[in-house]
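The values are calculated or read from the model by the stated rules, or taken from the named source; none is laboratory data. Quantities reported herein were computed from a predicted structural model and do not represent experimental measurements. Neighbour counts are summed over all protein chains in view; Cβ atoms, including those assigned to glycine, are modelled from backbone coordinates with ideal geometry. The area values use the complete protein model at the heavy-atom level, side chains included, leaving out ligands, DNA and RNA. Shrake-Rupley method; radii C 1.70, N 1.55, O 1.52, S 1.80 Å.
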Amino acid sequence: MLSRSIVVQSLRSIRNRFFDTRRQRNEQSDGQGPGNDVTGPSLDNLPVDMQFIIMTFLSPQDLCRLGGTSTYWRSMVRDPVLWKYFLLRDMPLWQSVDHLSVPQVKLTGSAVLDDSEMQLDYMAEYLRVCPACRNQWRHQPRVFESVTSFFQSLVPVSELQFAMLGPGLDQLEISLMDTIMCSPHVLPVAGLPQRQIDGIGSGISFKYKDQHRFNIATLYSTNRLEHLSLRSKLFVYEEDSESNIPLSINPMFNPVCQAVNGFIFVVNAEKERGTDQGWEEESAQIRVILDPAVGAVSRPILVLSCVSRETADGCRIPCVTVAHQLQLSTLTNPWIVQDTAAETLSGLLDGIDWLLRHSGVKL
């Protein structure tokens, strides 16, 4: 994390350059240069450290508006060190990150930006990936699109199917799927289809916004009573090897992965799991289920970054860290990491909304 003193130092240098340039310009025009600061009651006249504190309380939109008030504030607001500070400060607090909004810049906490970093537009990057900005810029359907969507809802369509898997189904104290089944106010159960996929089972159908039906087939990797370090039964591993990196899908589950329209992968985001436990294995599992040999390459994957309970201190692994650990930015499939809690299902509907949209449903 960049220290505040480093950011203030960068802003102070911008301020000094700005007023030095102004003084030189005035001296050339009339030979009388003003002092290094403006006079009178003005936001411009505050010490730089106070200006920085004020900016830390502003939203990204308000910061952009402040930058439009004068050339001085335009220079201050566009400082790359300032926006790198905001990125490093805010990313752990974001509740979702997807394939379009994952940060593409180097986000180390180094005190000084090198030459390559100074060429990066951290302000544009922040505005691109910040969830508040993403939600504001989300496409709003026009009237005729809403009418079209209404008529489309009257036409019977095949029910979308999703496969839910991942260590978070087995490792958490509270069962995510049990909570979903007992929360009709969040996702009403729409039925238990009588079909089967080569004997695996039909899964459970839910109704989203009282209109859109979809099916979830839950694939548990182990029995919840078993030791959690056992290999997942969903995958095939190299014989006579202790490695937990899967080679392929268990043939028994291959038909399921071929038939579904997308995946829900549940990750254990509890702080207690540590930062280096099982990430390589889980990343490999995601790549196996998304293998083009198993199904269409365009199928989306919703990664639920799940904890048993939300705590006041926000004790969870940030979703941006989950995306980095799983190396999701290297995938060609659409993906999103969404924070959720098994006890309250917070964030689940946002993830389902994204999954349905990227599966072709007009919401």
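The mean accessible area for residues of the stretch 244-363, using a 1.4 Å probe and ignoring ligands and nucleic acids, is 40 Å² per residue. Counting Cα-Cα pairs of the stretch 221-363 in 5 Å increments starting at 0 gives whole-percent bin shares of 2, 9, 17, 20, 22, 17, 9, 3, 1, 0.
Sorted by mean Cβ packing within 10 Å, highest first, what order do the peptides 171-178, 318-325 take? Please report the intermediate quantities before stating the final value.
Values: 171-178: 16.1, 318-325: 21.2.
Going by the mean number of other Cβ atoms within 10 Å, highest first, we get 318-325, 171-178.
As a fraction of the 1.4 Å probe accessible area of the stretch 293-363, surface on carbon and sulfur atoms comes out at 53 percent. Could you tell me whether the stretch 51-110 comes out rounded, prolate or oblate from its Cα gyration tensor? Rule is a ≥ b ≥ c as square roots of the eigenvalues, rounded for a/c under 1.5, then prolate if a/b exceeds b/c, otherwise oblate. Prolate, since a/c reaches 1.5 and a/b exceeds b/c. Taken one residue at a time, the phi angles of the stretch 160-177 give Karplus couplings (6.51, -1.76, 1.60, θ = phi - 60°) of 5, 10, 10, 9, 10, 8, x, x, x, 6, 9, 8, 7, 5, 9, 6, 4, 5 Hz. Gly and Pro are set to x.
Given 37 °C and 0.692 mPa s, compute D for the stretch 272-333 with the Stokes-Einstein relation, Rh being the Kirkwood radius over Cα pairs; round to the nearest whole µm²/s. Don't jump to the answer; show the numbers that get you there.
On the way: Rh = 13.1 Å.
Rounded to a whole number, D works out at 250 µm²/s.
Given axes a ≥ b ≥ c from the Cα gyration tensor, I'd like to know whether the stretch 230-288 is rounded (a/c under 1.5), prolate (a/b larger than b/c) or oblate. Note, shape of the stretch 230-288 comes out oblate.
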